[in-house]
Amino acid sequence: MEHLTWWARRKGVTLMGTGDFTHPAWFGRLRESLVPAEPGLFRLRDDLDRDVSRTLPAGVAAREVRYMLSVEISTIYSQGGRSRKIHHLVYMPGFDEAEAFNRRLGRVGDLGSDGRPVTSMSSRDLLETTLECGDGAYLVPAHVWTPWFGVFGSKSGFDSLEECYGDLTGHIFALETGLSSDPAMNWRVSALDGYRLVSYSDAHSPPIVGRETTVFDTDLDYFAVERALRTGAGHAGTIEFFPEEGKYHVDGHRRCGVRVDPAETRSLGGVCPVCGKKLTVGVLSRVDDLADRPEGFRPEGVPGFRNLTPLPEVVGEILGVGPKSKKVGAEVERLITALGPELEILAELPVDDIAVHSPRLAEAVARLRRGEVTKEPGYDGEFGTIRVFEPDEPKEPTAEEPPTLF
């Protein structure tokens, strides 16, 4: 938990999911490390929190971080003559509810075998099990368009939520967009109107916390967040990857180096032109399949979103090295010490303030906020590439300051 808190403060994330509360060892660690905070939320124990704060720059060390009990669950089952593999996010308002959920799930799966437990129960039955654990327990379909494990995925998903959740579909009120789609893509499907679109990062990998996140304008309170997702009041939008950077944005066959758009896939009959095997149909094609609206349509009253690239990737491009290099790590540390958390630097801090410490980063952030990037879309498990600068372009500041987040 200390490691998660350390990264959350650096990134500027206030509310984190614990991840994996079904795993016996992690569940014990959560009980040992967390203490109650606001309704339904938890914070790091005081002594552990002090240890974390001592290792962080002053500008981020004292920032609040709260936790809600969460887990990602994989359901693998047969329905409609097909194998279905669907991932779900489950949330509980307290340890008693989480323990009750674990007992139920433990009857049909080995909770100690993986951080993302696998169960043979259907998605509908998992939702019923969640709801049986009490008020405030809820389920969100995860990365809904991903080919292999999304509820709308091309490999094992469905064409509608009703097919997946049956008579309990009315208890679904939010959908997680995943890295390869953003709200604008989802807005093309009128059947998704009325569902809150959320984006989250993977707690299995603390350094990438905050690469996607959801913004709330509510009290810091589990039940306030739940109400915002149910009603829309207080759901203020999301911070997203550029969907082209996601691993399954367009179609293709990675082994053959074939990347194609939806129209090309149709013309090829869904077959790789190199080896003759089936292409992996990505998110953009699936959205096209189910869409009944044109690109650019925006339903009335929905909150905005911002496409951004993680700070280490931007700094790595400026420095000409990989985002995980020591050189990038040192520069990001310098920037956080001087300017504050990563998300604030990317989304909110005035460009002129950034320019004092890094003119090139100020120019990069200005372009990111305007969406002025070059995109090479990901396909068949291969991440795409987002570039702010052209390869031989001088990285000097020229931009006027753009607006902040929403």
Q) Hey, if you drop one equal point scatterer on each alpha-carbon of the range 2-244 and run the Debye formula without solvent, what base-10 log of I(q)/I(0) do you get at q = 0.11, 0.13 Å⁻¹? A) -0.55, -0.79
Q.
Within the chain, count lysine pairs with alpha carbon atoms under 24 angstrom apart where the residues are 8 or more positions apart or belong to different chains.
A. 20
Q. Looking at the range 311-377 from every direction and averaging, what is the projected area of its Cα convex hull in nm²?
A. 4.5 nm²
Q: For His357 and Val274, calculate 0.36 nm times their separation in residues minus their Cα-Cα distance, and state this gained length in nm to one decimal.
A: 25.0 nm
(Q) Starting from the Kirkwood Rh over alpha-carbon pairs, what translational D in µm² s⁻¹ does the range 104-173 have by Stokes-Einstein at 4 °C and 1.567 mPa s? (A) 100 µm²/s
(Q) Taking a ≥ b ≥ c as the square roots of the Cα gyration tensor eigenvalues, with a/c under 1.5 meaning rounded and otherwise prolate when a/b beats b/c, else oblate, which class fits the range 238-307? (A) oblate
Q. For labels at Glu32 and Asp47 in the simple 7 Å Cα→Cβ model, what's the distance in nm?
A. 1.2 nm
Q | Calculated diffusion of the range 254-406, Stokes-Einstein form, Kirkwood radius summed over Cα pairs, 20 °C and 1.002 mPa s, µm²/s | A | 119 µm²/s
Q | Mean projected area in nm² (Cα convex hull; one quarter of hull surface) for the chain | A | 20.3 nm²
Q. How big is the range 202-272 by the Kirkwood estimate over distinct Cα pairs, in Å?
A. 15.5 Å
Q) Relative contact order of the range 252-332: what whole-number percent is it, with Cα pairs under 8 angstrom and at least 6 residues apart? A) 17 percent
Q: At 20 °C and 1.002 mPa s, grab the translational diffusion coefficient of the range 29-70 from Stokes-Einstein with a Kirkwood Rh over Cα pairs, rounded to a whole number in µm² per second.
A: 195 µm²/s
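Computed from the coordinates by the stated procedures, all read-outs in this text should not be read as laboratory data. Bear in mind the structure is a predicted one, so any value in this text is a computation, not a measurement. We place every Cβ from the backbone using ideal geometry, glycine too, and count neighbours over all the protein chains shown.
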